[in-house]
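Quick notes on the structure that follows.
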Amino acid sequence: MSATDTTAKARKGRKRASNWPLLLRRGRLENLATAVIGIGFLMLFQPFALPLYTWSFLTMLAGTAMFIIVSKFPE
């Protein structure tokens, strides 16, 4: 029995740690929330468009709320 056979059997018998869908895992959504916060920050400190400045606080607030909620998701 080779090492690749053993690895393939280990993968086949291993169960996932959680039943959550892969798209709802913590890593990707935390990165998305961080990106939303960063976009809100850039919207706040740009000198060109007043509507971007107007929506910047709500964008950062939504990103922060998303990060807090997503940080409770399983990995």
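Each value in this text was obtained by applying a stated rule to the coordinates, not by laboratory testing. No experiment lies behind these values; they were computed from the predicted model shown. In this analysis, Cβ positions are derived from the backbone assuming ideal geometry, glycine residues included, and neighbour counts consider all displayed protein chains.
Arranged from highest to lowest average of other beta-carbon atoms within 10 Å per residue, in what order do the peptides 26-36, 45-55 appear? Can you show the working numbers first?
Numbers: 26-36: 14.7, 45-55: 10.5.
Per-residue mean Cβ counts within 10 Å order the peptides as 26-36, 45-55.
Kindly list the residues of the stretch 45-69 that lie in the label zone of Ala35, defined by a backbone N under 20 Å from the point 7 Å along the Cα-to-C-beta vector.
Taking a point 7 Å out along Cα→Cβ of Ala35, the residues of the stretch 45-69 whose backbone N falls under 20 Å are 45, 56-69.
Treat each spin label as a single point 7 Å out from the Cα along the C-beta direction, and report the Phe73 to Trp55 distance in nm.
Each label point is offset 7 Å from its Cα along the Cβ direction, giving 2.3 nm.
Give the separation of the Cα centroids, the stretch 39-75 to the stretch 21-37, in Å.
When both Cα centres are located, 14 Å separates them.
Mind grabbing the base-10 log of I(q)/I(0) for the stretch 24-75 at q = 0.32 Å⁻¹? Debye formula, identical points on the C-alpha positions, no solvent, two decimal places.
Per q value, in the given order, log10 I(q)/I(0) is -1.08.
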